[in-house]
Each structure stands twice: as structure tokens, then as C-alpha cells.
Amino acid sequence: MRTWLPLVIVVALISLGLWFAESPPEELLGKRPTPQQHTQAADLVIRDARTRHFNQEGTLAYRVDAERITYFQFARRDRADLTEPRILFYQDKQPTWHTESKTGVAHNNGQRVVLRGDVKIDELPKPGGVQLRTQSITIEPRKEYAETDKVVTITSGPNRTQGKGLRAYLNEDRVEILSEVESIYETK
């Protein structure tokens, strides 16, 4: 019996050491996470994400690509934090608008996406299409609608328009600048 005792003690010490190394300090102290701390933890993290979204007819409406998507599920809503998101809108199987930014947040299963940081929206095909630039914009992808209250710069070839606030109806190729509009047009 004595020959087993040192082996049992060594195994117990190793197990105890591994348990201490793998356990967060709160668990060692007997503390449990609060409900707020539980909801702060990400439910899912996807790297190099590629998603496709289809309309009711079954054709590709838009796609969302991102370097990383961090998804959170809350009691009444959800949120996805996007790193370097890109959205590509389609009409009749052809890409029509391309967006990109540094970060983004998608709310309620992607019904509303807020893009922030050097936001670029380009009409396709490039070159020759309209280009929109701003620091922040809210997009409703299913409606192909975008709006912002920030300063927006729109360029098309040598022509440039700048203003504050914007409503963009991407499916209609219609853009409204809301105030403080200044334009520079080059005549041919």
C-alpha cells in the first residue's frame, strides 16, 4: 500500500496544478459571473466570413464579407461586430454597389448595419460610377437603403459634391444630400 501513496500524491498534485492553471480567478474564489457578464461574452466568432443573402425569388440580393464577425445574442436582440466589412449589392445577378469600411455593427439579424471609419460606397462597374465617402453610415441591406447625418463627399469622374446628411436609395440609383451642399462640376 505504501508504494502507491507517493504515486497518488503526485497525480493529485498534478491534477490540482492543472485545475489552478485552467481556472479563472473568479471560479477559484467561488464567484459566479453576473448575468451582465454572461451577455458580454461572444456567442460566436467567425474569421474570414462570407455570407450570402437571397431575395424572395431566390436570387442573390447581397453578400457580406468581413475579416471577422463577433456575434452576440441577447434576450431580445442580437448584434454582430464586423471587422473590415464589405457589402456587395446585386440586381439581376449583376453587382451594382460595393461598400467597405474599417468596422461595422449589424443589428437584429442584419436588418440594420452601421458602418464606421473611412466608409466607401462605389457604384459598379468601376471606374466611371458614383463614389460616396463618409465616416459613418447606416444601411438597411434588405431595402437597399442607406442614410447618414455626417458629411458626405460624392464624386463622379471630375465632378464632386459635398454636403451634410444623405439618403441613398441604392436600388433606384437615387441619392439625396440633405444640407450644406457644395458642388464642383466640370463642363465638357
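We did not get these values from a lab; they are worked out from the coordinates using the rules stated. Bear in mind that the values here come from a model prediction, so they are computed numbers and not experimental data. For neighbour counting, all protein chains shown are included, and Cβ atoms are generated from backbone atoms with ideal geometry for every residue, glycine included.
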Checklist entry - Using modelled amide H (1.01 Å from N, peptide plane; none on Pro or chain starts), what sits under 5 Å from the amide H of Q91, excluding residues fewer than 5 places away? => result T96
Next on the checklist: Treating only the Cβ of Lys, Arg, Asp and Glu as charged (+1, +1, -1, -1), what charge dipole size does region 34-184 show about its Cα centre? Round to the nearest 20 debye.
Outcome noted: 280 debye
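If you add up the charges near N108, with Lys and Arg at +1 and Asp and Glu at -1, over every other residue whose beta carbon is less than 9 angstrom from its beta carbon, what do you get?
+2
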Item to check | Cut-off 20 Å, label 7 Å out along Cα→Cβ of D149, residues of region 107-134 by amide N | outcome: 107, 112-119, 133-134
